[in-house]
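The values are calculated or read from the model by the stated rules, or taken from the named source; none is laboratory data. Please read these numbers as outputs of a predicted model, since none were measured by experiment. Cβ: placed from backbone, ideal geometry, glycine included. Neighbour counts: every protein chain shown. We work out accessible area using only protein heavy atoms, side chains counted, and drop any ligands, DNA or RNA first. Shrake-Rupley method; radii C 1.70, N 1.55, O 1.52, S 1.80 Å.
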Amino acid sequence: SAFNRGDFSSLQRGQYAAIYRQQLGLITLLRGVFLLFGDGNFRAFQLLSALMIPVLVWSGFRITARLSDGDPAAQLLYLLFMVLCVPLYGYAPYVYGEICSTALCMLAVWLLFLCLERCTPLRCAALGGSIGLAVCLRENSLILAIAMLLVLCIKLLSSFSVKRLATAGAVVCGVLLFQLGIPAAYRSVTPADSTSMPAVCWVAMGTHDRGDGWAGWYDASNVKIFAENGFDPAKTSAATKAELRAYAH
């Protein structure tokens, strides 16, 4: 809402959007939702998440059919498990990127199957767009993008094909398009000293024993160590890695 009003102070050093730079993709999507359906209209985003559930279920159904050679029992079990998958419905009300990114990931896998079957420019563009947007909304979707590239590398090594190479290129270009494009869109309003938190801070946080039965859960120590080191990524990384080495010993 602030961004849409022209207030980009959250991108200043030590502020939320600067620290959690990976949230810019989701923030940008929310900006679009608010512009279309009214400022602060979280219900519209919740409905978007709900509408993405059929995309997720359908994509998974097609993947299951492909992997099982069309076995009706496998497809029926898949649908049954999806109906019983409580997080699928539980996450829909949250104004966060899980449902949308997961649906896009499933769609990307189905599109990968299609590209391996018959590679066309349209399919490659759809594949790159879906996996790129998935990573943009939830950066840990990058794990799937890497897995897809590994599969394609193995296939290229076993039997080189220009179409397989084009499919791999679509995945890379799709991820890079959003990962480079979103920060570029905010470059003019991002202060030169604005820094994002190193990913290793989350790793270290997962090793903490809080003593309240929630060991390994969020305890804000990632922000704390970043602030203690003056929001300097290099110093923070060094301090966090030292903490991890101490934990390992």
task = Check off (1) at negative phi; (2) without any contact (Cβ under 8 Å) to a residue 12 or more places away in the chain; (3) surrounded by fewer than 18 Cβ atoms within 10 Å (Cβ to Cβ); (4) of a type outside the set (Phe, Trp, Tyr) for Gln23 and give me the number that stays unchecked.
result = (3)
message = Just to verify a result, which residue in the range 26-35, among those that are open to solvent by 40 Å² or more (accessible area, probe 1.4 Å) and in contact (Cβ under 8 Å) with a residue 60 or more places away in the chain, is nearest to Pro233 (Cα to Cα)?
response = Thr28
request  = With respect to Ala108, determine if the residue is open to solvent by less than 50 Å² (accessible area, probe 1.4 Å), under 21 Å from Gly132 (Cβ atoms), of a type outside the set (Asp, Glu) and in contact with a Ser or Thr (Cβ under 8 Å, 6 or more places away or on another chain).
outcome  = yes
request  = Inspect the range 36-48 for any residue being touching a residue at least 40 places away in the same chain (Cβ under 8 Å), of a type outside the set (Asp, Glu), within 17 Å of Pro183 (Cβ to Cβ) and open to solvent by 50 Å² or more (accessible area, probe 1.4 Å) and give the result as yes or no.
outcome  = no
request  = Considering only the range 176-249, give the helices (runs of 4 or more DSSP H) lying wholly within it that have at least 3 residues that are open to solvent by less than 70 Å² (accessible area, probe 1.4 Å) and more than 27 Å from Phe3 (Cα to Cα).
outcome  = 200-205, 233-248
task = Hey, can you tell me all the residues within the range 50-94 that are of a type outside the set (Asp, Glu), within 21 Å of Glu117 (Cα to Cα) and in a loop (DSSP other than H, G, I, E, B)?
result = Ser68, Gly70
note = Flagged pairs (Cβ under 8 angstrom, 6 or more apart or on separate chains; first in the range 227-238, closer than 10 Å to Met197 by Cβ and of a type in the set (A, V, I, L, M); second assigned to a helix (DSSP H, G or I) and open to solvent by less than 60 Å² (accessible area, probe 1.4 Å)) are none
task = For Ala103, work out the one condition from (1) in a helix (DSSP H, G or I); (2) among the aliphatic types (A, V, I, L, M); (3) in contact with a Phe, Trp or Tyr (Cβ under 8 Å, 6 or more places away or on another chain) it doesn't fulfil.
result = (3)
